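The values are calculated or read from the model by the stated rules, or taken from the named source; none is laboratory data. This one's a predicted model, so the numbers in the text were calculated from it and none came from an experiment. Cβ placement follows ideal geometry from the backbone for every residue including glycine, while neighbour counts extend to all protein chains displayed.
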Ligand code: B12
Ligand code: SF4
Ligand code: SF4
């Protein structure tokens, strides 16, 4: 494919994803994700992969900061479905040009689960993809932070054998050096100083059981206290 054709297709794909509801899109080369754990590399999902597309949708600040747990949980479920739709529709769009494209589940755990440590991994880590695609940078809370809306975005990825021009990454750290608000805010001290989250500790606090038995994802203190993107 010629460079001009490549650029044109990249713009078309990004525009399409935006019309389907993506607020941000970025392209990462599969090489930039080489550091992913075995089984979670782009080529484990599509052997002929060349690029990984990241899409993000913002969450209203008021839901994260002020909303009841039920609204927050509902927002997480809505965005999960919408992002899965964005990645599905964009993959079909890419297939019209006769390239392969696989949408990776926004938030379903895959077979990688250790019941002892309660450590799980997604098929691919969307936040690592988003960072490599220039959508944002991972903060000390280990979440993907965008300069525009901070960590208040949800993510999805698409792997494709289409060789798209990667977007530039954000070079500077978005966390102020002395900020530890997210680390201090976690009631179960699940976040260490190396962007690492102890899943068992987080899972012990993150969920709330409602009187009728429904379990909702309620804790988001490490998101809420982060000042980036708040206006
Ligand atoms: C498992 C999981 C969790 C776990 C672990 C979270 C974590 N920090 O990774 C737990 C249960 C703790 C969790 C909690 C939450 N989660 Co969660 N979670 C996921 C899920 C399903 C998989 C994440 C994953 O695989 N991480 C990889 C980690 C677990 O593997 P690891 O061995 O620990 O990783 C180390 C290395 O292996 C290496 N690594 C791993 N992959 C890669 C890839 C590359 C290229 C490189 C170089 C290195 C590398 O880096 C790690 C650090 O050393 C994703 C969806 C997805 N598919 O991405 C959502 C996701 C990360 N969660 C999300 C959210 C919002 C939350 C919560 C706020 C829940 C809530 N109440 O709403 C909390 C926040 C807690 C926190 N501060 O992280 C969002 C984050 C959005 C954002 N802006 O970043 C995601 C992306 C879901 C989505 N579709 O948007 N979650
Ligand atoms: S979601 Fe809650 S429990 Fe989990 S790391 Fe963040 S603050 Fe801690
Ligand atoms: S609260 Fe501070 S340290 Fe934590 S992610 Fe936000 S800016 Fe970074």
Exercise. Out of curiosity, is residue 81 within 12 Å of residue 155 (Cα to Cα) and exposed (fewer than 15 other Cβ atoms within 10 Å of the Cβ)?
Worked result: yes
Problem set entry | Conditions (1) within 23 Å of residue 167 (Cβ to Cβ); (2) surrounded by fewer than 20 Cβ atoms within 10 Å (Cβ to Cβ); (3) near ligand 1 (Cβ under 9 Å from one of its atoms); number of the one not met by residue 96 | (3)
For this session: Look through region 110-124, keep the residues that are part of a loop (DSSP other than H, G, I, E, B) and either under 11 Å from the mean Cα position of the chain (by Cα) or within 14 Å of ligand 2 (Cβ to nearest atom) (or both), and return whichever of them is nearest to residue 221 (Cα to Cα).
Result: 118
Seminar exercise, completed: From the option list 173, 178, 163, single residue qualifying as away from ligand 1 (no atom under 12 Å from the Cβ), under 30 Å from residue 85 (Cβ atoms) and modelled with pLDDT of 95 or more is 163
For this session: Keeping to region 164-178, report how many residues are more than 18 Å from residue 136 (Cα to Cα) and buried (at least 16 other Cβ atoms within 10 Å of the Cβ).
Result: 1
For this session: Hey, can you tell me all the residues within region 134-175 that are out of contact with any helix residue (DSSP H, G or I) (no Cβ under 8 Å at 6 or more places or on another chain), more than 14 Å from ligand 3 (Cβ to nearest atom) and touching a residue at least 12 places away in the same chain (Cβ under 8 Å)?
Result: 134, 135, 148, 161, 167, 168
Problem set entry | Count - residues of region 217-231 that are more than 10 Å from ligand 2 (Cβ to nearest atom) and modelled with pLDDT of 95 or more | 3
For this session: Please specify each residue of region 205-231 satisfying the condition of being over 18 Å from residue 186 (Cα atoms) and under 17 Å from the mean Cα position of the chain (by Cα).
Result: 229
